[in-house]
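Each remark here refers to the structure printed beneath this line.
The values are calculated or read from the model by the stated rules, or taken from the named source; none is laboratory data. Everything numeric in this text was worked out from a predicted model, so none of it was measured. Don't worry about glycine lacking a Cβ; one is built from the backbone with ideal geometry, like all the others, and counts go over all protein chains shown. To get the accessible areas, we keep the full protein, side chains included, count just its heavy atoms, and leave off ligands, DNA and RNA. Shrake-Rupley method; radii C 1.70, N 1.55, O 1.52, S 1.80 Å.
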Amino acid sequence: MRSIEFENAFYADEGDWIESLLVTSRSPFDPESVLSSLSRVELFHHERVVDGSAPTYRLTIVAHEPYPFLLGVILRENAIPNRLELRNGHLQGVVTVGEWETFRTLADRIQEQFGRFELLSVNQVETTGEPLGSGQLGRVLRNELSAEQLTVLRTAHRMGYFDVPRRASADDIATELDIAQSTLSERLRVAEKRLFDLVFSAPDGSAANDGDEK
């Protein structure tokens with residue numbers, strides 16, 4: 001697996017959680033056969049949302065999580081989980097807390113329960129941000145874009161093509177996807193146009209106007 005991201009999670013009862021996971025892998029796999037070997041996981045639903053060199057699946061599972069479970073620790077400390085992702089054997093997360101002391105308590109608890117905690121960055125914000133499970137826009141966009149469009153955008157984003165400064169060139173992305181650079185450029189433009197059409201178009205198909213015209 002390249003990454004496993006929590007899209008949503010609900011506590012059921014007696015340690016059981018209903019979880020929506022976005023799983024990106026290095027090669028195609030059968031979720032049913034993979035999860036059948038896990039004694040505390042029941043697959044409820046699965047769908048393949050991205051094809052290509054890094055296929056992505058959305059899994060809805062019922063999982064009996066051991067205590068302490070990282071998400072449970074975050075919630076018990078009155079922190080809002082904004083993002084949780086398993087990548088390269090490490091759980092990376094973004095959480096919002098109301099007070100610095102709350103964060104210190106959470107950090108100490110994670111360190112105590114899991115043996116390691118590393119703070120990557122801190123930002124003071126005016127709003128709490130979107131809690132885990134509020135990624136409705138992302139899900140809508142992923143459902144509206146074609147598999148080819150999703151693949152090229154996801155690969156470019158993952159490799160740092162959109163970063164400032166860029167961490168990957170168009171040649172790098174084209175090589176990763178095993179296509180010509182001219183093909184990549186065309187696919188990127190088409191995907192970006194489709195993405196912007198979805199974001200900025202009004203329901204009737206006309207351009208959305210965010211404010212009154214002057």
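Observations, loosely collected:
- The stretch 189-194 - phi-based ³J(HN,Hα) in whole Hz, Karplus 6.51/-1.76/1.60, Gly and Pro as x: 4, 5, 5, 5, 4, 5
- Stretchable slack from GLN113 to VAL94, in nm (0.36 nm times residue separation minus alpha-carbon distance): 5.0 nm
- Dipole moment magnitude, nearest 20 debye, the stretch 1-70 about Cα centre, only Lys, Arg, Asp, Glu C-beta charged: 360
- Under 5 Å, built H, 5+ apart or other chain: amide partners of ARG2: THR24, SER25, ARG26
- Calculated FRET value between MET159 and ALA12, using beta carbons and R₀ = 35 Å, to 0.05: 0.40
- The stretch 1-158, accessible area per residue, ligands and nucleic acids excluded (1.4 Å, Å²): 60
- Calculated mean residue ellipticity at 222 nm for the chain: -11000 deg cm²/dmol, from DSSP H runs with n ≥ 4 weighted as -39500 (n - 2.57), summed, divided by the residue count and rounded to 500.
- Taking GluC sites (Glu not before Pro) in DSSP loop conformation with at most 14 other Cβ atoms inside 10 Å as exposed sites, the chain has its longest uninterrupted site-free stretch at 127-212.
- Gain on full stretching of the segment that runs from ASN123 to ASN78 - 0.36 nm per residue minus C-alpha separation: 14.4 nm
- Loop trypsin sites (Lys or Arg not before Pro), the stretch 6-101 (other Cβ atoms within 10 Å of the site Cβ: 14 or fewer; DSSP): ARG26, ARG40
- Label-point gap, in nm, between VAL62 and GLU101 - each point 7 angstrom along Cα→Cβ: 4.2
- Only one residue of PRO165, TYR57, VAL34 has its Cα farthest out toward the positive end of the dipole of the chain, where Lys and Arg carry +1 and Asp and Glu -1 on Cβ, and that residue is PRO165.
- The residue list PHE103, ASN88, THR128 was ranked by how far each Cα lies along the charge dipole of the stretch 45-157 toward its positive end, using unit charges on Cβ atoms, and ASN88 comes out on top.
- Accessible surface of the chain, 1.4 Å probe: 50 percent of it comes from carbon and sulfur atoms.
- Taken about its Cα centre, the chain carries a charge dipole of roughly 560 debye when the Cβ of each Lys and Arg holds +1 and the Cβ of each Asp and Glu holds -1.
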